Amino acid sequence: MKDGSNTFKVLPNRVGLITLNHPKSLNALTFSMGYEFKNLIQRLNHELTSPPSSIDEIVSSTSPVPLPLNPDTPPLPEYTNQINSLILTGSGRAFSAGGSLPFLYSRTSLPPHLNSSTMYNFYTNFLSLRSLPIPTISAINGPAIGAGACVTLATDYRLTTAENKIGFNFTKLGIHPGMGGSHYLPRIIGTSKASRVLCGGKTYGGEEAKALGMVDELIDSENFLEGAIAVAEEVRCERLSV
C-alpha cells in the first residue's frame, strides 16, 4: 500500500472499504489527496449506477468542476459493482488530523477571491462521498480533527471508540468552520448543540461525542474494524431499496 494514496478494496459480504493512507501526516487532507479521492468516488459511482451515455456525463453528474477519469488508473477490484455499503477509515493511529497545515498556510499569501474556488474544490473533493447511492460509514479509528471530523459528517453513520478524540477546532485557529461542518453538524445534532461545538472548538472524547450525537456507536478498540464491518453488513441494502 503506497503511503499517500487513498486505497479501496472489496471486503467479504459486499462491503467496500476506503482508507485514507497518509499515516506519516496523520492523514492530513491535501488538495491532491482530495482530487484522488473524488476520482475514486466518481469511479465507484460509475460502477454502482447504470452507465451514462458518455464520459462527460459521468464527470458532470458528480462534480461541479469536471475531473478527468484517468485511463491509466489501475482498475477497481472485482465485484466493486456489487458492494452495498461502504466504510471510510484512516491508516495508522489517526482518522485524519484535518486540513494539511502547509496547504492551508499557502492560501494566506493569496487574496480571498483567488482562494474561494480552490477551497470550494478542496471541500467538494472530499464531500463527493455524499453522491454514493449506498449507505456509508465513518470508522473513526483515531483522532478526527477539524476538516477530518467534518468529512465524517458526510457519511450516514459514524463509529468510534470510547478513547478516541473528535474536535471541530476551527475557531481555535481563527477560521470559519469549513468542509461542510456548519451545514451538516446542525442537521445531525441540532442547531443549539452544533453552535456550542463549532464556536467552542473543544475536542471531545468518544463517550461525550456519542452523548452529543456526533457519533452513533462506540466500538471496542481491540476489534474496531471487525465491529465496523458488522455494522456495515447490518445497514447494507439492496440497490433498489436506497
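Among the numbered conditions (1) among the hydroxyl-bearing types (Ser, Thr, Tyr); (2) within 14 Å of the chain's Cα centre (by Cα); (3) not in a strand (DSSP E or B), the only one that Ser109 does not meet is (2).
Conditions (1) among the acidic types (Asp, Glu); (2) modelled with pLDDT under 50; (3) under 21 Å from the mean Cα position of the chain (by Cα), marked per residue:
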position: Leu48; (1), (2), (3): no, no, yes
position: Pro52; (1), (2), (3): no, yes, no
position: Val65; (1), (2), (3): no, yes, yes
position: Leu69; (1), (2), (3): no, no, yes
position: Thr80; (1), (2), (3): no, no, yes
position: Asn84; (1), (2), (3): no, no, yes
position: Ala94; (1), (2), (3): no, no, yes
position: Ser100; (1), (2), (3): no, no, yes
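Tallying residues that are assigned to a strand (DSSP E or B) and surrounded by fewer than 24 Cβ atoms within 10 Å (Cβ to Cβ) within region 161-176 yields 2.
Restricting to region 141-160, what's the tally of residues that are over 10 Å from the mean Cα position of the chain (by Cα) and either buried (at least 21 other Cβ atoms within 10 Å of the Cβ) or charged (D, E, K, R) (or both)?
Going residue by residue through region 141-160, those that are over 10 Å from the mean Cα position of the chain (by Cα) are 141-146, 156-160.
The next check asks that each one be either buried (at least 21 other Cβ atoms within 10 Å of the Cβ) or charged (D, E, K, R) (or both); those that pass are 141-146, 156, 158-160.
Matching residues across region 141-160 total 10.
Pick from region 14-27 the residues that are polar (S, T, N, Q) and under 21 Å from Leu129 (Cα atoms): which of them is surrounded by the most Cβ atoms within 10 Å (Cβ to Cβ)? Top of the filtered list is Asn27.
Candidates Thr124, Thr118: the one that is more than 27 Å from Val235 (Cα to Cα) and of a type in the set (Val, Ile, Thr) is Thr118.
When you scan region 22-34, do you find a residue that is of a type in the set (Phe, Trp, Tyr), at pLDDT 95 or above and out of contact with any Gly (no Cβ under 8 Å at 6 or more places or on another chain), even just one?
So in region 22-34, the residues of a type in the set (Phe, Trp, Tyr) come out as 31.
Imposing the further condition that a residue be at pLDDT 95 or above reduces the set to none.
No, the conditions are met nowhere in region 22-34.
Contact annotation: residue pairs with Cβ atoms under 7 Å, 6 or more positions apart or on different chains, pairing a residue in region 149-176 that is farther than 19 Å from Asn125 by Cα and at pLDDT 95 or above with a partner that is aromatic (Phe, Trp, Tyr) and part of a helix (DSSP H, G or I), are Thr161/Phe224. If the condition is being farther than 21 Å from Leu159 by Cα, buried (at least 16 other Cβ atoms within 10 Å of the Cβ) and not small (Gly, Ala, Ser), then region 177-207 contributes only Pro177. Taking region 77-102 as the range and being surrounded by 18 or more Cβ atoms within 10 Å (Cβ to Cβ) and of a type outside the set (Ser, Thr, Tyr) as the test, the residues that pass are Ile83, Asn84, Leu86, Ile87, Leu88, Gly90, Ala94, Phe95, Ala97, Gly98, Gly99.
Checking each residue in region 117-142 for being within 14 Å of Leu88 (Cα to Cα) and either hydrophobic (A, V, I, L, M, F, W, C) or part of a loop (DSSP other than H, G, I, E, B) (or both) picks out Phe126, Leu127, Leu129, Leu132, Ile134, Pro135, Ile137, Ala139, Ile140, Asn141, Gly142. Taking each residue of region 12-35 that is touching a residue at least 24 places away in the same chain (Cβ under 8 Å) and looking for partners that are assigned to a strand (DSSP E or B) and among the aromatic types (Phe, Trp, Tyr) with beta-carbon atoms closer than 8 Å, six or more apart or interchain, yields Gly16/Phe8; Leu17/Phe8; Ile18/Phe8; Thr19/Phe8.
The values are calculated or read from the model by the stated rules, or taken from the named source; none is laboratory data. In this text the structure is predicted, and so the values were computed from the model without any measurement. Reconstructed Cβ throughout: ideal geometry from the backbone, glycine too, with neighbour counts over all protein chains shown.
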